[in-house]
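Sharing a structure here in C-alpha cells format.
The values are calculated or read from the model by the stated rules, or taken from the named source; none is laboratory data. Keep in mind that what you see is a predicted model, and the values were worked out from it rather than measured. Using ideal geometry, Cβ is built from the backbone for each residue, glycine included, and neighbour counts are taken over all protein chains shown. Only protein heavy atoms, including side chains, enter the accessible area calculation; ligands, DNA and RNA are left aside. Shrake-Rupley method; radii C 1.70, N 1.55, O 1.52, S 1.80 Å.
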Amino acid sequence: MNEFKDYKLGTELLKSIDMLKYKEPTKVQHIVIPTVLENKDIVVKSKTGSGKTAAFAIPICEKIDWEENKPQALVLTPTRELAMQVREDFFNIGRFKRLKIVSVYGKHSFTTQQKDLKQKTHVVVGTPGRVLDHLEKGTLVLDSITHLVIDEADEMLNMGFIEQVENIIKAVPRERITMLFSATLPEDIEKLSKKYMRDPNYITINEEEKAFENIEHILYEVKVNFKQQALINITITENADSCIIFCNTKQDVDDLFEKMTRLSYACERIHGGLEQEDRTSIMADFKRGYFRYLIATDVAARGIDIDNISLVINYDIPQNKESYVHRTGRTGRAGKKGKAITLLTSYEEKYLLEIEDYIGFKVTRKQLPSQEQVIDATLLFEEKMRTRAKLKKEKGTELNQEITKLHIAAGKKTKMRPVDIVGTLSNLEGMTAADIGIISVQDVSTFVEILNNKGEMVLEKLQTTPMKGRIRRVSRANEYK
Ligand code: ADP
Ligand code: MG
C-alpha cells in the first residue's frame, strides 16, 4: 500500500489530501494511519519533519462523527506555536468534512477559547497548562474523547509538563485510542506509555540519515568577542534568502537583534519573553517571507514547519544534543537543500562532542570567511538587502481559494440558527448542502464558509434573498480564519 486511497478514506478527506499535494503517505503515515484506523494504541519514535501531524490527523478526521457536539479528539503539544500549527494542519485536512478544530493555549484570551469550546467542536489541540485550566473551570468536556494524542512527548518532559500530562490523561475516558509521538524515548516516556496505554505498538522510524542528507553541516571556531562580527560576515558571504539564527538566551537574541537592526537587516526576533500575540504574528510573517532573518531561542525550534529556510545558524551551540537536531531540522525540509552553521567558542567542545556522538557524524570544520571574501560578497548582499523577499505561499492557500467566508449581520441575538443558514443557502439555485462549510453563529454575527468556488455567486444572491424573513447584510468576511 502506498497511496492514500488504499486506506479507504472518505472522499472529503481524499480531496483535502489531494489539494494539500500529498501524493503518497510518508513512512510514518504508512504505519500510523492503518494502525489507528484499526483502533490500536501506538508509540512512535520519529524525527522531525517526517509528517507526524498528518499521520495522526488523517485517521482521526476519518473516524470523527460529525454529528457529535462534544470534542472527540484531544491533542497535547508542548508549545503554543505548535498548538496553532497542528490546529491549522488539522483544519486543512478536515475542512471538507467541515470539522471544527479549536486550539487552546496560554497567554491568549480564556473567554474567547471558552466561547469556541461551547460550540460544536470536534478536535481540541492545546498546551497542557491551558487544557488543565479549562478542565478545572468546566469549559472543556472530555466525556466524548475517543482519541488522545501526545505530540513531542520528550519535549513535554523536558519542559516539566509530565505531571500535567498525566493529570489530563487521567481525565480522559479509558475507552480510547492513545497515540504518543516523540523524537526520543527516554525511560519516563516508556513508563508513561506502559501505564496509560493498552498494549501499544512501538514503532521506530529510521529516517535520520535521510532527513540529514539534505543538510550541509558546518562549524566555525570563533573567539567570544569576535562572535557578532563573525556572524555578520557569515550572513554576508552566505547571503541567504531565509535564515534562522539561534541563540541560547533571550539576552543574546535581544543583543543580536539590536545589532542587526542597526545594520539595516530585515530581521525580527522571537523568544519566550515576548507577548504571545507578537510571537504569533512574527512567526506568521516569517512564514510568509516578509523578512529574511529570524533571531530566536529554542521556542522556535520544535516542530515548527516553515518552507524554504535555506540557512540555520547556531550563534550559540545548543547545550543539549536533541536541540541541535531540532534547530538544524528547520532547514533542508521537503527534499530541499539546506545548510546549518554552528559557531563554536573555546570551552564548548564538550557540547560538540555530545552532538556529534548523537548525530553519528563529524560536523565539517571550516575557516571563517576572510576579509577579502566578505568584501567580494558585499555587493550582492546589499543588492539582496534592497530587494524585498519573495513572498511564500501559505499552506492551504489553494484550499482557501475555493472557499469564501461570508459574514452575515445576524446572530444568536436575532435568533439565527445554523439550520436557518443551511436552509436558505441550500435553497439557492446551484447550491447544495455539500457546498456549505463551517458555520459559526455568534452573538450578532454569523460566519459561514461557502465551498467549491461558489462564494461569489452566493454573496450576490443573498443581497436579494431573505433569511428568516428579512434581507440581511451579507459581506465577505475580512479575515480568513
Ligand atoms: P513532523 O511532525 O514529523 O515534524 P510535520 O507533520 O510538521 O512533521 O510535516 C512536515 C511537512 O511535511 C509539512 O510541511 C507537511 O505539510 C508535509 N507533509 C506531511 N505529509 C506529507 C505527504 N504525505 N506528502 C508530502 N508532504 C507531506
Ligand atoms: Mg510534529
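Kindly establish whether Phe212 is under 23 Å from Leu352 (Cα atoms) and at pLDDT 95 or above.
Taking the combined requirement at face value, the residue does not satisfy it.
Going by the structure shown, is Phe56 without any contact (Cβ under 8 Å) to a residue 40 or more places away in the chain, in contact with a strand residue (DSSP E or B) (Cβ under 7 Å, 6 or more places away or on another chain), within 16 Å of ligand 1 (Cβ to nearest atom) and open to solvent by less than 10 Å² (accessible area, probe 1.4 Å)?
On the way: without any contact (Cβ under 8 Å) to a residue 40 or more places away in the chain: no; in contact with a strand residue (DSSP E or B) (Cβ under 7 Å, 6 or more places away or on another chain): yes; within 16 Å of ligand 1 (Cβ to nearest atom): yes; open to solvent by less than 10 Å² (accessible area, probe 1.4 Å): yes.
It is false that Phe56 is without any contact (Cβ under 8 Å) to a residue 40 or more places away in the chain, in contact with a strand residue (DSSP E or B) (Cβ under 7 Å, 6 or more places away or on another chain), within 16 Å of ligand 1 (Cβ to nearest atom) and open to solvent by less than 10 Å² (accessible area, probe 1.4 Å).
From Ile408, Ile403, grab the single residue that is of a type outside the set (Ser, Thr, Tyr), in contact with a helix residue (DSSP H, G or I) (Cβ under 8 Å, 6 or more places away or on another chain), at pLDDT below 90 and under 26 Å from Arg87 (Cβ atoms).
Exactly one residue qualifies, and that residue is Ile403.
Same structure again: Quick check: anything in segment 417-433 part of a strand (DSSP E or B) and open to solvent by 20 Å² or more (accessible area, probe 1.4 Å)?
Initially, segment 417-433 is screened for residues part of a strand (DSSP E or B), giving none.
No, the conditions are met nowhere in segment 417-433.
Listed here are the residues, each with its yes/no results for (1) under 30 Å from Arg279 (Cβ atoms); (2) out of contact with any helix residue (DSSP H, G or I) (no Cβ under 9 Å at 6 or more places or on another chain); (3) not hydrophobic (A, V, I, L, M, F, W, C).
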position: Lys8; (1), (2), (3): no, no, yes
position: Lys15; (1), (2), (3): no, no, yes
position: Lys23; (1), (2), (3): no, no, yes
position: Thr35; (1), (2), (3): no, no, yes
position: Val43; (1), (2), (3): no, no, no
position: Gly51; (1), (2), (3): yes, no, yes
position: Ile58; (1), (2), (3): yes, no, no
position: Glu68; (1), (2), (3): no, yes, yes
position: Arg87; (1), (2), (3): yes, yes, yes
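For (1) under 19 Å from the mean Cα position of the chain (by Cα); (2) on the phi > 0 side of the Ramachandran plot, each residue gets a yes or a no:
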| residue | (1), (2) |
| --- | --- |
| Cys267 | no, no |
| Met283 | yes, no |
| Gly289 | yes, yes |
| Asp298 | yes, no |
| Ile309 | yes, no |
| Gln319 | no, no |
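With the structure loaded, tell me whether His134 is of a type outside the set (Ser, Thr, Tyr) and open to solvent by less than 10 Å² (accessible area, probe 1.4 Å) or whether it fails that test.
Criteria met by His134.
Sort through Lys321, Lys336, Lys287 and tell me the only one that's open to solvent by 30 Å² or more (accessible area, probe 1.4 Å), of a type outside the set (Phe, Trp, Tyr) and within 16 Å of ligand 2 (Cβ to nearest atom).
Every option except Lys287 fails the conditions.
Follow-up. Give just the number: which of (1) assigned to a loop (DSSP other than H, G, I, E, B); (2) open to solvent by less than 50 Å² (accessible area, probe 1.4 Å); (3) away from ligand 1 (no atom under 16 Å from the Cβ) does Asp65 not satisfy?
(2)
Just for segment 158-194: of the residues that are open to solvent by 40 Å² or more (accessible area, probe 1.4 Å), closer than 25 Å to Thr48 by Cβ and among the aliphatic types (A, V, I, L, M), which one is modelled with the highest pLDDT?
Here the residue is Ile162.
Now for a separate question. Just one of Lys45, Lys70 is of a type outside the set (A, V, I, L, M), away from ligand 1 (no atom under 14 Å from the Cβ), within 21 Å of Val165 (Cα to Cα) and open to solvent by 30 Å² or more (accessible area, probe 1.4 Å); which is it?
Unique residue meeting the criteria: Lys70.
Next question. Tally the residues that are among the basic types (Lys, Arg) and within 13 Å of ligand 1 (Cβ to nearest atom), restricting the search to segment 73-101.
Residues in segment 73-101 being among the basic types (Lys, Arg) and within 13 Å of ligand 1 (Cβ to nearest atom): 1 in total.
If you scan segment 344-367, which residues turn out to be among the charged types (D, E, K, R) and part of a helix (DSSP H, G or I)?
Residues satisfying the conditions are Glu349, Lys350, Glu354, Glu356, Asp357.
List pairs: first residue in segment 79-107 and among the hydroxyl-bearing types (Ser, Thr, Tyr), second residue in a helix (DSSP H, G or I) anywhere in the structure, Cβ distance under 7 angstrom, at least six positions apart or on different chains.
Matching pairs, first to second residue: Thr79/Val299; Ser103/Ala83; Ser103/Met84; Ser103/Arg87; Tyr105/Arg80; Tyr105/Ala83; Tyr105/Arg130.
Give segment 53-88 a look and list any residue that's in contact with an Asp or Glu (Cβ under 8 Å, 6 or more places away or on another chain) and among the charged types (D, E, K, R), or say none.
Hit for segment 53-88 is Lys70, nothing else.
List the pairs whose first member sits in segment 175-203 and is closer than 19 Å to Pro78 by Cα and in the same structural domain as Thr53 (by TED's automatic domain parsing), whose second member is within 16 Å of ligand 1 (Cβ to nearest atom) and among the hydroxyl-bearing types (Ser, Thr, Tyr), and whose Cβ atoms are under 6 Å apart, counting only residues at least 6 apart or on separate chains?
Ile189/Ser182
For segment 73-91, how many residues meet the condition of being open to solvent by 10 Å² or more (accessible area, probe 1.4 Å) and in a loop (DSSP other than H, G, I, E, B)?
Residues flagged as open to solvent by 10 Å² or more (accessible area, probe 1.4 Å) and in a loop (DSSP other than H, G, I, E, B) within segment 73-91 amount to 1.
Another question about this same structure. Which residue out of Ile93, Ile101, Ile150 is assigned by TED's automatic domain parsing to the domain that holds Glu175, in contact with a Cys (Cβ under 6 Å, 6 or more places away or on another chain), modelled with pLDDT of 95 or more and among the β-branched types (Val, Ile, Thr)?
Sole residue among the options that is assigned by TED's automatic domain parsing to the domain that holds Glu175, in contact with a Cys (Cβ under 6 Å, 6 or more places away or on another chain), modelled with pLDDT of 95 or more and among the β-branched types (Val, Ile, Thr): Ile93.
In segment 243-272, which residue that is in contact with a Phe, Trp or Tyr (Cβ under 8 Å, 6 or more places away or on another chain) and part of a loop (DSSP other than H, G, I, E, B) is farthest from Leu82 (Cα to Cα)?
Tyr265
Tell me which of these Gly94 doesn't satisfy, since it passes every other one: (1) part of a helix (DSSP H, G or I); (2) within 16 Å of ligand 2 (Cβ to nearest atom).
All conditions are met except number (2).
A further question on this structure: In the set Lys70, Lys52, which member is among the basic types (Lys, Arg), closer than 30 Å to Gln114 by Cα and away from ligand 2 (no atom under 16 Å from the Cβ)?
Lys70
Which number in (1) touching a residue at least 60 places away in the same chain (Cβ under 8 Å); (2) touching an Asp or Glu at 6+ places or on another chain (Cβ under 9 Å); (3) more than 15 Å from ligand 2 (Cβ to nearest atom) marks the one condition that Asn39 misses?
Here Asn39 meets the rest and fails (2).
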